[in-house]
Amino acid sequence: MVLTPIFEADLPAEQHAYRPERNALTAVREVHSLLNTGHTRVVEADLSGYFDSLPHAELMTSVARRVVDRQMLHLIKMWLEAPVEETDARGRKRRTTQNRDSQRGVPQGSPISPLLANLYMRRFILGWKRLGFEVRYQARIVSYADDVVICCKGSAEAAMAVMRRMMERLKLTVNEEKTRTCGIPQEHFDFLGYTFGRCYSTKTGRAYIGTRPSKKSVQRLTVAISAASTRRTTWIEAEAMVEQLNRMLRGWAQYFCLGPVDKAYRAVHTHTTQRLRRWLGIKHKVRRAGFKRYPAAYLHQTLGLVELPKLTPSFPWAKA
């Protein structure tokens, strides 16, 4: 609460994670805007174990840039080196001091770790600008924690090579398997659960550069719905099960509301209704429980299941 306003004042606009009035959707909109202004050569960067590899000495230097209180600096240093205590399945406690031994890493899940992660990523973004790479390659960075996208008008390959060298100097590891370049709109890439690339208007058939929920995002939701509606959960009342599914659907739709979402919504809707009918059949011991036994009117009007495809018109950023 004390440190965030101090550092928020000069965090670069490229960083969207863990900041007031910024979130993953603002990062998605920024990438979409850059693609539509000609920055179509993209570096999709992935860092291996970002939170676990932040070097303490350099990180504390970034903190000391604005904080001179020795007690505060000592407190943060103690936080970075605090041991981790875990309890195994047998109830035995095990304490590790990996961060203190390696002088790397921040405790994931702690209140201060997001701020520290932003502070260190700030080094890369400012270095990119001050060394002239933003101008040389006409390359703009969009960052969300350890997810980084560089949108270029110049050579994406050259920008990626520079990014690798800078990350090495920062003592961070680039995941070579997941780091790549691509050209829009001929190719596509995923960022923060969205797929960026060529889309087509359902009304005119016109092609444009847009966003849509990625296949992995749809798959993760359908897997979660399947896990929630297994045979083991048939003891739950039908209304309670629908309420649980609705929370999952509304939460997912609240985030995936940009671009042409209609196709993804229909896929999720179809899967959800099929799983719910199957779950109701098992619960009430009805063989071949399908559409006739549990019609759409029963699922949506009686039980109150959310109809995802009907939510689309209420999203100002969603265009089918």
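Checking every one of the trypsin sites (Lys or Arg not before Pro) in the stretch 204-270 against DSSP loop status and a limit of 15 other Cβ atoms within 10 Å picks out Arg206. The residues of the chain expose, per residue, 56 Å² of accessible area to a 1.4 Å probe.
Residues of the stretch 240-276 falling in the label zone of Tyr298, defined by backbone nitrogen less than 20 Å from a point 7 Å along Cα to beta-carbon, are 240-246, 269-276.
Both radii come from the Cα set of the stretch 152-210: Rg as radius of gyration, Rh as Kirkwood radius; their ratio Rg/Rh reads 1.12. The relative contact order of the stretch 218-320, computed from alpha carbon pairs under 8 Å that lie at least 6 residues apart in sequence, is 41 percent. Each of Ser48, Thr195, Gln98 was scored by the projection of its Cα onto the charge dipole of the chain, and the greatest displacement toward the positive side belongs to Thr195; charges sit on the C-beta of Lys, Arg, Asp and Glu.
Along the chain, the exposed loop sites are GluC sites (Glu not before Pro) outside DSSP states H, G, I, E and B with at most 11 other Cβ atoms within 10 Å, and the longest stretch free of them is 22-175.
Rounded to the nearest whole angstrom, the semi-axes of the ellipsoid equivalent to the stretch 1-133, taken from the Cα gyration tensor as √(5λ), stand at 31, 19, 14, largest first.
Measuring max minus min along each principal axis, the C-alpha atoms of the chain give extents of 68, 60, 35 Å (largest first). Shape class of the stretch 146-291 from the Cα gyration tensor (axes a ≥ b ≥ c, square roots of the eigenvalues): prolate, since a/c reaches 1.5 or more and a/b is larger than b/c. Working note: 222 nm ellipticity from helices only, DSSP H runs with n ≥ 4, each -39,500 (n - 2.57), summed and divided by the residues of the chain, gives -13000 deg cm²/dmol to the nearest 500. Placing dummy labels 7 Å off each Cα toward the beta-carbon, the span from Trp79 to Glu187 is 3.9 nm. Over 24 Å between C-alpha atoms is what I'm after, so list which of Lys203/Lys310; Lys203/Lys263; Lys153/Lys178; Lys171/Lys216; Lys216/Lys310; Lys263/Lys310 land there. Over 24 Å apart, Cα to Cα: Lys171/Lys216.
Cut-off 15 Å, label point 7 angstrom out along Cα-to-Cβ of Gln219: give me the residues of the stretch 229-260 whose amide nitrogen falls inside. No residue passes the distance filter.
For the chain, the membrane-span-like helices by this rule, meaning whole DSSP H stretches whose C-alpha atoms cover at least 15 Å of axis and whose Kyte-Doolittle mean is -1.0 or above, are 24-35, 70-81, 113-130, 156-169, 215-228, 238-255; this says nothing about an actual membrane. For the stretch 50-145, trypsin sites (Lys or Arg not before Pro) are listed when DSSP marks them as loop and at most 11 other Cβ atoms sit within 10 Å of their Cβ; the list is Arg90, Arg92.
Kirkwood analysis of the stretch 207-320, using all unique Cα-Cα pairs, places the hydrodynamic radius at 14.7 Å. Of all lysines in the structure, those lying under 24 Å Cα to Cα from Lys283, and not within fewer than 8 positions of it along the same chain, are Lys292.
The charge dipole of the chain, taken about its Cα centre with unit charges on the Cβ atoms of Lys, Arg (+1), Asp and Glu (-1) only, comes to about 1300 debye. Dipole of the chain (Lys/Arg Cβ +1, Asp/Glu Cβ -1, origin at the Cα centre): which of Leu276, Ala228, Thr181 lies farthest to the positive side? Farthest along the dipole direction, towards plus: Leu276. Calculated on C-alpha atoms, the gyration radius of the stretch 78-126 divided by its Kirkwood radius gives an Rg/Rh of 1.11. Across the stretch 72-203, Cα-Cα distances exceeding 17 Å account for 69% of all pairs. In the chain, the portion of solvent-accessible area held by carbon and sulfur atoms comes to 51 percent [1.4 Å probe, whole percent, DNA, RNA and ligands not counted]. The residues neighbouring Gln244, those whose beta-carbon lies less than 13 Å from its own, together hold a net charge of 0 under the Lys/Arg +1, Asp/Glu -1 convention.
The values are calculated or read from the model by the stated rules, or taken from the named source; none is laboratory data. The structure presented is a predicted model; accordingly, all values stated were derived computationally and were not measured. Please note: Cβ atoms are built from the backbone with ideal geometry, for glycine as well, and neighbour counts cover all protein chains shown. When the accessible area is computed, the model is the full protein with side chains, heavy atoms only, and any ligands, DNA or RNA have been set aside. Shrake-Rupley method; radii C 1.70, N 1.55, O 1.52, S 1.80 Å.
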